[in-house]
Amino acid sequence: MQNGKTPHLRVNPKPHSSPIYIYIYTNTSHSPLLITIYTYIFTMAKLSLSVLTFLLLFSFSFAVKGETWQQGECQIDRINAQEPSNRIQAEGGVSEFWDFNNDEFRCAGVSIHRHRLQPRALMLPAYHNAPVLAYIVQGTGYHGVMVSGCPETFESSQQSEQFQEGRSRKFLDRHQKIGQFRRGDIVAIPAGAAHWVYNNGDQELLVVVLQDNTNNANQLDQNPRSFFLAGNPQREQEQQQFGHGRIRRGQHEFGNVFKGFDIQTLAEVFGVDEETARKLQNENDERGHLIIVERGLQVIKPPLRGEEYGRREEEYGGEEERYMGRSANGLEETICTAKIRENLDKPSRADIYNPRAGRFSTVNSLTLPILGFLRLSVARGVLYKNAIMTPHWCVNAHSIIYVTKGESRMQIVNHRGQAVFDGQVREGQVVVVPQNFAVVKQAGEQGCEWVEFNTNDNAMINTLSGRTSALRGLPVDVIANAYQISREEAERLKYNREETLIFSGRSRSGRGEVAST
Amino acid sequence: MQNGKTPHLRVNPKPHSSPIYIYIYTNTSHSPLLITIYTYIFTMAKLSLSVLTFLLLFSFSFAVKGETWQQGECQIDRINAQEPSNRIQAEGGVSEFWDFNNDEFRCAGVSIHRHRLQPRALMLPAYHNAPVLAYIVQGTGYHGVMVSGCPETFESSQQSEQFQEGRSRKFLDRHQKIGQFRRGDIVAIPAGAAHWVYNNGDQELLVVVLQDNTNNANQLDQNPRSFFLAGNPQREQEQQQFGHGRIRRGQHEFGNVFKGFDIQTLAEVFGVDEETARKLQNENDERGHLIIVERGLQVIKPPLRGEEYGRREEEYGGEEERYMGRSANGLEETICTAKIRENLDKPSRADIYNPRAGRFSTVNSLTLPILGFLRLSVARGVLYKNAIMTPHWCVNAHSIIYVTKGESRMQIVNHRGQAVFDGQVREGQVVVVPQNFAVVKQAGEQGCEWVEFNTNDNAMINTLSGRTSALRGLPVDVIANAYQISREEAERLKYNREETLIFSGRSRSGRGEVAST
Amino acid sequence: MQNGKTPHLRVNPKPHSSPIYIYIYTNTSHSPLLITIYTYIFTMAKLSLSVLTFLLLFSFSFAVKGETWQQGECQIDRINAQEPSNRIQAEGGVSEFWDFNNDEFRCAGVSIHRHRLQPRALMLPAYHNAPVLAYIVQGTGYHGVMVSGCPETFESSQQSEQFQEGRSRKFLDRHQKIGQFRRGDIVAIPAGAAHWVYNNGDQELLVVVLQDNTNNANQLDQNPRSFFLAGNPQREQEQQQFGHGRIRRGQHEFGNVFKGFDIQTLAEVFGVDEETARKLQNENDERGHLIIVERGLQVIKPPLRGEEYGRREEEYGGEEERYMGRSANGLEETICTAKIRENLDKPSRADIYNPRAGRFSTVNSLTLPILGFLRLSVARGVLYKNAIMTPHWCVNAHSIIYVTKGESRMQIVNHRGQAVFDGQVREGQVVVVPQNFAVVKQAGEQGCEWVEFNTNDNAMINTLSGRTSALRGLPVDVIANAYQISREEAERLKYNREETLIFSGRSRSGRGEVAST
């Protein structure tokens, strides 16, 4: 490179997210190993800053403000662990909705719901008015996403013909790329991108979905909306409401957009007769938005790695082997060329790991670039029995936490120093931690696992205790004076805990050296 | 290039907007030509994605949320074709305003108005609190824009002296760059940039203006405001209100900012006597905001191409020849160096063209980079007799449609599958299509021409039928199961229509092979 | 560079902000010097535009709208010069708060307050829900900022050990980077970044703080919040409210976040006994948020330049010499590697200078890149006796003006041409000038000095009179016709004032050739 001023942007394919660093447990805090880690942290910090500086140069001239707030949107005195308040039963399963009008959800500007698809159930194609992040709690399946700018011809490229088993006409089987997902995956869907989902496994497919309604990509209001391209979902919804006639305000609304068009127009734009056009409206369809495909869905998909050359891939062990009997090939995650899927549940992928306490994995715009477009990120936490996630605050995002297993005590504190939440959060419950509110998690006897959605594509946390905490950053004399304690006490406050984020609990007994979740 | 990691950004000067591809009509869907096009689409998709990925890397660390919504802003059950509700008569013409408090305009966060300038009419210099896009429906004229950071000395550079015919003092005639526009041009004005407009043609100059009040560049509230640097526009406005004394809420407000300053202060800051300073306030001026320049406006402007070397430019034919008797030279569009003008009406510029049905042209931040700063884009559509623009939804923007000629039936459907609009839209009417709402247009016997302003600098649409539609992207088996139809019916739904966006209508008779609008 | 398309980004370390150019006073407007300046301006304009264009290319695909406004947020008929409405007394000083519910502050979306720290006073560590800009009106001090991603180990790098005088244990004295500030500095603190401040000087430390609550970095509502990591600030606040029991709406709220956590939990996460844990909550601490460190704060800090090699730095003169007896070394301003501090008060740093009238200095994202992240900028103005800052409007930001010395008459005009403010603004008062509103300042007999915070990281102004004004950009014929004056009068309006931004006043007597403030 002759010209030193040419901007370089070297981002590792999987850098560790900036505020959090690899944790290696060591009892001697003066070991050379630790010093190496400090150096590493220092290098990371420099790298991330130089990237930041570069960014700043690129952003300087945008007029960026302009929005004003309604007073009181986040005047939260009390947070609750929430369960779904509404459910819609369909042929192929059930969808459960949290009430997005709760104070916490209004403050965070998000809505959350959960789909349970039976085996061979298909969620009809739909798009939403805001970006969506889905976490696969259980099961496996396919998804198809039609992103604007990706013509349907994408799938027909290259080798697709050779997999059209049992069909004679070439164009018949052309469709867009299909992705496959399994337990622990997050799937990111941009606003306005139509998509469908199919459960191809033997067990119920359980998916938790966050929709970020105040995202900049949504220019409508804060209410979640789904636009279905098929089916008669609204009829089902009305059933659930016991004939109240009109959709209640504050409920996630959806319907089949073809219903609103005139039959003659549909016949003409599809070049079909009116009888077929009428079918697009699914007028008398009672199956709802989740339907059963009796003989199983027939779609074209490439062979998975291993399958192609007649051998099995050995990279994954255990459960991964049951994942359709095959493993990921790095292709099924693309739409056009964007990767929209990432597995967060593999223990080997942990960003922070403490063999006695648990692990913490994040995915953000550096690990999954489409999240930069969605302005969202996700983290997955696993705490072993009695372990603690240190008190911390999220600098630049709200966190929406869904517990996938076990339970945890959580304490959430606001700017007045009041505990707005202090209680147990169980599997299947949701807790919203507003931006900057301080929070601590303490796992119960069964440990706790959760997924947390953050409303920033690079959510950053600051911890209050531990090796990278705010208190560690303070001079001992500031601590001693602030809390009116001796310098010795101040030193203990600063240095007694050497872990970073995940602390072992009272009993100091983890579940073993190797995480097995 | 030795270093493969150096970011490249190769953007064609006029790439076709991403979701839409050149349409070449062909009856045989298996032709090599089509395959070439598919390959082309595929390449385009890859290119746009690599640009996207690059973008994502640059955006990852911004805290971007924070705004909350008032519930119900876009709770739209009914959309109407709107006409102006208020008009302000002035010496040189009339301005007509749509009521920006209508639900649709509040939802889209925009206001719209239309100026009619008589020949030799000058719109006095003014700036607005939000970015503005103007479409020249009819006529020709000059505009001058004073963008911050562009000193007035810009115009005096290089050759300007040699064109000061008939004037002796050098500095006297220095002024900022002047641009020339004609029918079919869009002109983009950033928020806060003062500008003036002059009709130098023989016919009425008809300009439709969109002001994007919820744009991030506007930090005031959602009400449109104009700050005039001269004239007495408010007086006129009061006349129109039949003496109601006080400006009605919800009306586009404007006045001469010099009126608010003290005369002594003005005299001092301009270094003139108080009598001249008083003239800045135009206290007794009854001409309004559009004035007539009796002898025609005398300004310095460079020779146009062709004129300079004593020959006419042949690039343009027909109407273009009448464009001041000269043609564009690529210079008159700059402010400092930014291009703010683009012609959308030339048939040869079409992005999508179907000789039997019509054409569609877009201008976005890739074709006119200042739109990236304004976060707006524009499209121009022409449908021949009975032609159809396929049902589609705009993924990331509201569309504000102004019909410039003919009429069209439009159907707009919301997320509940309800038709919120189904009616005729005529020349001079405005319809707002909210983000994600599905819409279909069917031209009448006279065809239909329109301009649509989109509230995103790279508005993307997804179609519901045709060759690049969402349905084409679905596996046949998904379609068959979703609509409970046979595979053969599903194939017909997918493949019967080969066009992309603009479909020929029932009679299948376009206006001829060559578009003549 | 073989490949001409590789993007270059050459930004001078300290380019002059784009809308404003170096002013060199000269009486002959035809001098070669002036022509050189014009050329320079022209080059600058081109440079900034090419940077802009580059930016635009990088921003094209973001969905950026989505926020709607409450009508009437900026319906301002009357602006007032504001003084603090609330004060909180603490052991180490007092904090005074302006009422952020005033119309002007609601419109601008900011809150403002002022701290007065006595010598040896420490402001306890805290973080805010929005970015903060502080201007040091008087005094000197240290600050420590804990930015997320900067581990506490940063300070321990390199030479820190050698400065641990009088301490034996290595880790004991490790803390994060400390910066030093003095009169005229602005300090930028990102949202959510914890920080503390200490007055190490002999006089009162007077700091004016702007908090930008509608900044995109704040996802909570528009109310300012401070989260303290120590102390018992709320108790103090209650005292001030005369036992009203509950915090009044609209008041800047804060408390110690440790108070909300359970003692056992704190003991465990800090690995200390419950007695020490209880101290974190400062339950019975009556000192408030500003405490006195009796023996002076003991912290580790590097030697300043000059000090290190046993000599004094000569770069600064006068007041700078009193700055802790040493001078800046370019290191104390970093957090990790980001510079967060910049001095605005040095006369030699002026961006615009008129020896007869005053000077104007700006700091924006080009001079201090972190401002691009905060989306804020600052300017410092000094007007000599009777001098005038020409009428102008800020294109893309609100301006929040705090007068630090003297007084000035200000006139502020809205879009209807009404003077919403016409009065004197004195030392210690705050005036908000909304975006696009026209404003003129005229210093009194004592001159006037102020600092203005702008809600855009690259605030741009357009002037109404003077050498780079909008009127200079207009053709003489437009001026003559607009104001119904002769061409000779129009020429006088355009050319009579040759200054740029800072005009000498009636008496035309400045305070001397060399600014001495």
Expressed in nanometres to one decimal, the distance between label points 7 Å along Cα→Cβ at residue A:286 and residue C:274 is 6.3
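Enter the mean number of other protein chain beta carbons within 10 Å of the beta carbon of each residue in B:365-373, as an integer. Walk me through the intermediate numbers first.
On the way: counts 7, 4, 0, 1, 8, 3, 2, 12, 9.
Average per residue, whole number: 5.
Assuming R0 = 51 Å, can you tell me the calculated FRET efficiency for the pair residue A:264 and residue A:78, based on Cβ-Cβ distance, to the nearest 0.05?
Details: r = 55 Å, r/R0 = 1.07.
According to the calculation, E is roughly 0.40.
Assign one of three labels to region A:438-509, namely rounded, prolate or oblate, based on the Cα gyration tensor with a ≥ b ≥ c the square roots of its eigenvalues; rounded applies when a/c is under 1.5, prolate when it is not and a/b is larger than b/c, and oblate otherwise.
Working: a/c = 2.97, a/b = 1.50, b/c = 1.98.
Judged from the Cα gyration tensor, region A:438-509 comes out oblate (a/c at least 1.5, b/c at or above a/b).
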If labels are modelled 7 Å from Cα along the Cβ direction, residue B:264 lies from its partners in the other copies at nm distances, smallest first, of 7.6, 7.6
The ³J(HN,Hα) series, computed from each phi in region A:224-232 with the Karplus coefficients 6.51, -1.76 and 1.60 at θ = phi - 60°, rounded to the nearest Hz and given as x for glycine or proline, is x, 9, 10, 9, 8, 9, 7, x, 9
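Applying a 10 Å radius around every beta-carbon, put B:291-301, C:400-410 in order of their mean neighbour count, most first.
Values: B:291-301: 16.4, C:400-410: 22.0.
Averaged packing, sorted descending, gives the order C:400-410, B:291-301.
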With one decimal in nm and the nearest listed first, the spacings from residue C:496 to its own position in the other copies, using label points 7 Å along Cα-to-Cβ, are 7.7, 7.7
Ordering A:341-348, A:192-199, B:256-263 by per-residue average of other C-beta atoms within 10 angstrom, highest first, gives A:192-199, B:256-263, A:341-348
Treating every alpha carbon of region A:389-478 as one equal point scatterer without solvent, the Debye formula yields log10 I(q)/I(0) values at q = 0.10, 0.17, 0.22, 0.25 Å⁻¹ of -0.27, -0.74, -1.13, -1.32
With a 27 Å threshold on alpha-carbon distance, the violating pairs from B:301/C:494; A:441/C:259; C:259/C:339 are C:259/C:339
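Rounded to the nearest 100 Å², what's the accessible area chains B and A bury against each other, both chains counted, probe 1.4 Å?
On the way: alone 26230 and 26280 Å², together 42710 Å².
In total, chains B and A hide about 9800 Å² from solvent.
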Of C:109-117, B:127-135, ordering from highest average Cβ density within 10 Å down gives B:127-135, C:109-117
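In a shell of Cβ-Cβ distance under 9 Å around residue C:428, excluding residue C:428 itself, what net charge do Lys and Arg (+1) and Asp and Glu (-1) give?
Working: positive: C:114, C:426; negative: C:83, C:427.
It works out to a net charge of 0.
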FRET efficiency (residue B:89, residue C:138; Cβ distance; R0 56 Å; to 0.05) is 0.45
Carbon/sulfur accessible area of region A:436-475, % of total, 1.4 Å probe, equals 43
Shielding of C:261-268 by other chains, given as the mean Cβ count within 10 Å, works out to 5
Partner shielding of B:405-417, taken as the mean number of other chain Cβ atoms within 10 Å, equals 6
Residue-ordered couplings for region A:427-436, obtained by feeding phi - 60° into the Karplus form 6.51 cos²θ - 1.76 cosθ + 1.60 and rounding to whole Hz (Gly and Pro as x), are 3, x, 9, 10, 10, 9, 10, x, 3, 6
Label points for residue A:422 built 7 Å along Cα→Cβ; distances to same position in the other copies, nm, shortest first, come to 6.0, 6.0
Phi angles of region A:134-143, converted by Karplus (6.51 cos²θ - 1.76 cosθ + 1.60, θ = phi - 60°) into ³J(HN,Hα) in whole Hz with x for Gly and Pro, give 10, 10, 8, 6, 7, x, 9, x, 10, 9
For the pair residue B:424 and residue B:202, the simple spin-label estimate (label points 7 Å beyond Cα toward Cβ) gives in nm 3.4
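The values are calculated or read from the model by the stated rules, or taken from the named source; none is laboratory data. Keep in mind it's a predicted model, so treat the numbers as computed, not measured. When we count neighbours, we look across all protein chains shown, and the Cβ atoms used for this are built from the backbone with ideal geometry, even at glycine. The area values use the complete protein model at the heavy-atom level, side chains included, leaving out ligands, DNA and RNA. Shrake-Rupley method; radii C 1.70, N 1.55, O 1.52, S 1.80 Å.
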